[in-house]
Amino acid sequence: MALLEVDDLHVSFDTADGVVRAVRGVSFTVEPGQTLGIVGESGSGKSVATQSLTRLVAGAKITGSAMFDGLDLLHASQREMRRIRGRRIGMIFQDPLSSLHPCYTVGWQIIEMIRAHESVPRRRARQRAIELLDLVRIPNARARIDDFPHQFSGGMRQRVMIAMAMALNPALLIADEPTTALDVTVQAQVLKVMQDVQADTGTAIILITHDLGVIADVADEVVVMYAGQVMERARRREIFYQFHHPYTEGLLASLPGHGGTRDRLTPIPGNPPSLLAKLDPCPFVPRCPYVFDKCRREVPPLAPVHPDERHLSACWLEPDRALQFEWESSKFAQISSTAHR
Amino acid sequence: MTSEQTEAVASVDETLLHVEDVRKYFRVRGHAGSSRAEVRAVDGVTLDVRRGETLGLVGETGCGKSTLARCMTRLYDLTSGKIVFQDRDISRASRHDLRTVRREMQMIFQDPYGSLNPRRRVGSIIGDPFAIHRIGERKDRKGKVQELMQLVGLNPEHYNRFPAEFSGGQRQRIGVARALALRPRMIVCDEPVSALDVSIQAQVLNLLTDLQDEFHLTYLFITHDLSVVRHVSDRIAVMYLGKVVEVAPTDDIFNTTRHPYTKALLSALPVPDPDAADSRERIVLTGDLPSPINPPSGCRFHPRCPKAQEICSREEPPLVPVLGDHNNHVTACHFPMEVGESLTPGTVANSERVNEL
């Protein structure tokens with residue numbers, strides 16, 4: 001049974017410029033012990049969608065349902081949410097410096113976190129905090145537990161955040177761009193720690209990132225988001241090798257060393273749409289090289305791609321397109337070479 | 001740039017910018033505000049930028065790559081060393097003397113939001129170089145600016161708009177137009193696409209490639225993104241803690257990696273290819289970057305290096321061709337790596353030992 005089942009999630013914000021519809025009908029499931037990667041560009045709604053699950057977005061109008069362990073997160077009371085956040089659902093954010101309080105020691109912050117949810121004596125909580133810092137490979141944890149955040153490097157702070165998020169053995173860990181602010185060698189360390197902790201504790205992870213390389217490394221299943229909607233959802237290898245949706249194709253093609261030649265990359269033409277505006281039935285219409293009449297008329301459902309029931313794509317192109325795909329025939333590449341400057 | 005062009009450049013070997021033993025130290029206060037210390041951001045770098053090439057400069061946060069770039073463009077004064085641009089020593093040049101140099105050497109910055117004044121119109125931002133260097137008549141300026149906007153793929157009719165009305169990718173194009181205004185020979189690009197989404201990043205990288213072909217530009221391309229640097233660079237220089245540890249043509253850096261640090265850096269790069277990600281050797285360096293205030297003795301990488309031996313902590317290795325490499329490929333390492341050599345077995349044990357220190 002799925003650990004988390006999100007169905008038709010909508011999130012919108014009232015702003016001075018109008019209603020921003022940041023998330024427009026997103027559905028996905030997370031299995032226990034699995035890593036779900038959510039990938040998308042800035043403004044695709046990937047962060048808002050997951051933050052609204054913990055109800056941490058202020059001033060948002062949220063509809064839909066998100067069943068977690070028999071409880072609908074979107075309709076739970078604040079009291080219920082407080083018990084779930086931290087204990088059942090851990091969170092890690094992009095910027096480890098601003099997520100830690102600069103005036104308290106790292107140990108104090110982890111201990112406080114444990115004691116907010118469980119009535120354990122301070123000494124036991126401290127012992128647990130040391131074990132957690134060990135778990136995330138903070139060298140010499142027993143001594144470093146009394147250090148302040150500024151005495152840690154960026155990668156170590158992020159590992160502290162992981163330790164804190166894992167303190168109460170949550171069933172689900174939401175990691176929002178956890179390695180984006182880090183260097184590649186440090187990123188490798190942090191991802192390794194996350195994977196090891198997952199193997200140890202069986203925690204499910206939602207990993208939000210814009211980096212397809214990170215996705216290829218650690219995700220079991222992948223959700224590709226664009227303009228607040230899910231464009232494609234499949235297991236990791238299908239997303240990279242048998243993708244169906246033109247947006248997924250465009251994302252992969254624009255990576256250096258993937259599509260394109262040594263000399264030229266293959267970008268997606270145009271810019272992402274404004275979320276204030278009314279979008280085409282498929283939001284990718286203005287940038288899609290495969291667009292045809294039906295795309296402008298009818299909303300494409302997130303439907304299975306033949307013959308794989310677990311591979312879903314929201315696109316009107318023929319369902320078996322994924323199986324015939326080759327790079328040379330990519331429309332993005334053709335457009336890019338003919339429209340050279 | 002194609003491989004033939006690369007070879008042509010290499011055979012002419014014409015140096016546009018020569019950096020010799022450049023050092024840049026910053027003074028910092030000690031912990032109690034009493035003792036003085038120095039951050040050795042760049043600590044003895046010698047490097048050539050050749051005419052018409054793209055030299056990629058890679059390294060992690062705090063390795064001194066941006067400081068080096070700012071020394072090259074003389075936005076910083078040097079602590080010591082020499083910088084020669086087009087046969088002219090500019091290491092001690094005055095602000096006034098630098099004016100003519102800056103016409104030929106421009107910069108593009110990382111942050112497309114922070115590097116444009118939000119209260120000025122785009123036309124006047126791009127036209128700034130003309131005004132500062134008093135080039136052309138004021139009345140001709142608008143035409144010139146609109147030409148530039150066209151060149152970088154902006155709509156010339158948006159001349160009177162403010163930066164806030166443009167997206168991140170378009171803002172970076174504004175930065176490129178401004179850098180191009182005076183038709184420089186060299187552009188220093190400091191993380192020009194790091195803040196952009198991949199689909200937009202590809203647009204800007206293509207633009208930079210096209211402009212290079214059209215105006216025979218030389219790029220110094222600073223980035224921490226190895227897949228980007230591999231795509232754009234003819235040669236790559238790898239920095240670690242204020243030092244250049246390896247310089248080589250791009251393919252050699254990836255195929256005949258010599259320095260263990262370069263190897264570790266490359267292996268940490270996430271590749272958007274699940275099969276490759278599953279099968280490759282990954283070297284996870286567990287230590288942290290040491291402080292540039294008090295860098296390790298000898299080779300600066302030795303406390304984290306799986307191959308380190310006693311000599312590495314004692315003697316600093318020179319940056320020279322190793323293991324019969326061509327003059328193009330230089331490495332600063334006592335025990336450079338053979339092709340196909342694996343770093344994995346020693347890595348874990350060694351770095352854990354370091355951690356316990």
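Each value in this text was obtained by applying a stated rule to the coordinates, not by laboratory testing. Because the structure is predicted, anything quoted here is derived from the model rather than measured. A quick note on method: Cβ atoms are made from the backbone with ideal geometry, for glycine too, and the neighbour counts reach across all protein chains shown.
Mean separation of Cα pairs under 8 Å and 6+ residues apart, divided by the residue count of chain B: what relative contact order is that in percent? Don't skip to the answer; put the middle values down first.
Values: 650 pairs, mean separation 63.3, N = 357.
Normalised by residue count, the contact order of chain B is 18 percent.
What does the C-alpha gyration tensor say about the overall shape of region B:147-211? Classify as rounded when a/c is under 1.5, otherwise prolate if a/b is larger than b/c, or oblate.
On the way: a/c = 1.64, a/b = 1.06, b/c = 1.55.
Taking the square roots of the gyration eigenvalues as a ≥ b ≥ c, region B:147-211 is oblate.
Using helices alone, what [θ] at 222 nm do you get for the protein assembly as shown, with -39,500 (n - 2.57) per DSSP H run of 4 or more residues, divided over all residues and rounded to the nearest 500? Before the final figure, lay out the partial values.
Values: 27 runs with 248 residues, N = 698.
The per-residue figure over the protein assembly as shown is -10000 deg cm²/dmol.
Counting residues in region A:138-293 as N, plug N into 2.2 N^0.38 Å and put the Cα Rg over that result.
Details: Rg = 19.1 Å, N = 156, 2.2 N^0.38 = 15.0 Å.
My calculation over the Cα atoms of region A:138-293 gives 1.27.
Counting other beta carbons within 10 Å of each residue's own, what order do B:I90, A:I206 fall into, fewest first?
Numbers: B:I90 21, A:I206 26.
With the fewest neighbours first, B:I90, A:I206 line up as B:I90, A:I206.
Mind listing which trypsin sites (Lys or Arg not before Pro) in region B:61-100 are in a DSSP loop and have 11 or fewer other Cβ atoms within 10 Å? Each step should come with its number before you reach the end.
Working: sites: B:K65, B:R70, B:R74, B:K82, B:R88, B:R92, B:R95, B:R99; in loops: B:R74, B:R92.
Those that pass, being in a loop and sparsely packed, are B:R92.
So for the pair B:A276, B:A131, with labels modelled 7 Å out along Cα→Cβ, what separation do we get in nm?
Placing both labels 7 Å beyond Cα along the Cβ direction yields 4.6 nm.
How large is the convex hull of the C-alpha atoms of chain B per residue, in Å³? Could you put the intermediate results ahead of the total?
Working: hull volume 58.9 nm³, N = 357.
Here the figure is 165 Å³ per residue.
If you add up the charges near A:P269, with Lys and Arg at +1 and Asp and Glu at -1, over every other residue whose beta carbon is less than 12 angstrom from its beta carbon, what do you get?
On the way: positive: A:R287, A:K331; negative: none.
In short, +2.
From Cα coordinates alone, what are the radius of gyration and Dmax values for region B:92-219 in angstrom?
Reported Rg and Dmax, both Å: 14.1, 43.
Could you put A:E41, B:E53, A:E232 in order, starting from the residue whose Cβ has the fewest other Cβ atoms within 10 Å? Don't skip to the end; give the middle numbers.
On the way: A:E41 20, B:E53 24, A:E232 28.
Fewest-to-most ranking of A:E41, B:E53, A:E232: A:E41, B:E53, A:E232.
Just to check I understand the Karplus step: with θ = phi - 60° and J = 6.51 cos²θ - 1.76 cosθ + 1.60, what whole-Hz values come out for region B:62-78, glycine and proline as x?
Result, rounded to whole Hz: x, 7, x, 5, 5, 4, 4, 4, 6, 6, 4, 8, 6, 6, 10, 7, 7.
Compute a Gaussian network model of chain A, connecting alpha carbons closer than 10 Å, and tell me which residue from A:V186, A:V160, A:V214 fluctuates the most.
A:V186
In whole Hz and in residue order, list the ³J(HN,Hα) couplings for region B:287-302 that follow from phi through the Karplus curve 6.51 cos²θ - 1.76 cosθ + 1.60, θ = phi - 60°; x for Gly and Pro.
Couplings: x, 10, 4, x, 6, x, 6, 9, x, x, 6, x, 6, 6, 8, 4 Hz.
Could you sort out which of A:K61/A:K278; B:K82/B:K263; A:K278/B:K144; B:K243/B:K307; B:K82/B:K243; B:K82/B:K144 sit more than 26 Å apart by Cα distance in this structure? Mind showing how you got there, number by number?
Numbers: A:K61/A:K278 18 Å; B:K82/B:K263 30 Å; A:K278/B:K144 37 Å; B:K243/B:K307 19 Å; B:K82/B:K243 16 Å; B:K82/B:K144 36 Å.
Checking Cα-Cα distances, B:K82/B:K263; A:K278/B:K144; B:K82/B:K144 exceed 26 Å.
To check you understand DSSP bridge types, tell me what percent of the beta bridges within chain B (both residues inside) are antiparallel, rounded to 5. All intermediate terms of the calculation are to be shown ahead of the outcome.
Numbers: 28 of 46 bridges.
Around 60 percent antiparallel, to the nearest 5.
Label-point separation (nm) for B:N294 and B:L182, each offset 7 Å from Cα along Cα-to-Cβ?
Each label point is offset 7 Å from its Cα along the Cβ direction, giving 4.3 nm.
So if I place +1 on the C-beta of Lys and Arg and -1 on the C-beta of Asp and Glu, and nothing else carries charge, what would the dipole magnitude of chain B be about its Cα centre? I want it in debye, nearest 20. Kindly include the intermediate steps, with their values, before the conclusion.
Numbers: 45 positive and 47 negative charges, 445 e Å.
With only Lys, Arg, Asp and Glu charged at Cβ, the dipole is about 2140 debye.
Starting from the Cα coordinates of region A:74-186, work out the convex hull volume and express it per residue in Å³.
Details: hull volume 12.1 nm³, N = 113.
Dividing the Cα hull volume of region A:74-186 by its residue count gives 107 Å³.
What is the Cα radius of gyration of region B:256-357 over 2.2 N^0.38 Å, N being its residue count? Spell out each step's value before the answer.
On the way: Rg = 14.4 Å, N = 102, 2.2 N^0.38 = 12.8 Å.
Compared with the compact-globule rule of thumb, region B:256-357 sits at 1.13.
If I build a Gaussian network model for chain A, linking alpha-carbon pairs within less than 10 angstrom, which residue out of A:R21, A:R79, A:R157 has the largest mean-square fluctuation?
Maximum fluctuation in the GNM of chain A, among the listed residues, is at A:R79.
Please list 3J(HN,Hα) in residue order for region A:209-222, calculated via the Karplus relation 6.51 cos²θ - 1.76 cosθ + 1.60 where θ = phi - 60°; whole Hz, with x for glycine and proline.
Result, rounded to whole Hz: 7, 9, 9, 5, x, 5, 4, 4, 6, 10, 7, 8, 10, 10.
At q = 0.07, 0.12 Å⁻¹, what is the base-10 log of I(q)/I(0) for chain A according to the Debye formula with one equal point scatterer per Cα and no solvent? Please give it to two decimals.
-0.32, -0.89
Using a cut-off of 10 Å between beta-carbons, work out the net charge of the residues near B:R183 (Lys and Arg +1, Asp and Glu -1, B:R183 not included).
On the way: positive: B:R103, B:R185; negative: B:E104.
Net local charge, B:R183 excluded: +1.
May I ask for the percentage of alpha-carbon pairs in the protein assembly as shown that lie more than 33 Å from each other? Intermediate results must be reported in sequence, preceding the final value.
On the way: 129659 of 243253 pairs.
Of the Cα pairs, 53 percent sit more than 33 Å apart.
Among B:D234, B:D190, B:D97, which one moves the most in a GNM of chain B with springs linking Cα atoms closer than 10 Å?
Top of the fluctuation ranking is B:D97.
Starting from the amide H of A:L173, placed 1.01 Å from N in the peptide plane, find each other amide H under 5 Å away whose residue is 5 or more places distant or on another chain.
Distant-sequence amide H within range of A:L173: A:G90, A:A204, A:I205, A:I206.
With Cβ to Cβ distances under 14 Å as the rule, what net charge do the other residues near B:L116 carry (K, R +1; D, E -1)? Each step should come with its number before you reach the end.
Values: positive: B:R119, B:R120, B:R121, B:R161, B:R171, B:R173, B:R178; negative: B:D111, B:D128, B:E165.
Local net charge: +4.
Write down, largest first, the equivalent ellipsoid semi-axes of region B:171-327 in whole Å, where each equals the square root of 5 times an eigenvalue of the alpha-carbon gyration tensor.
On the way: eigenvalues 201, 75, 49 Å².
Sorted largest first and rounded, they come to 32, 19, 16 Å.
Would you grab the residues whose amide H sits under 5 Å from the one on B:V245? Only those 5+ places off in sequence or on another chain, please, with H modelled 1.01 Å from N.
B:V238, B:M239, B:Y240
For A:264-275, what's the mean count of beta carbons from other chains sitting within 10 Å of each residue's beta carbon?
5
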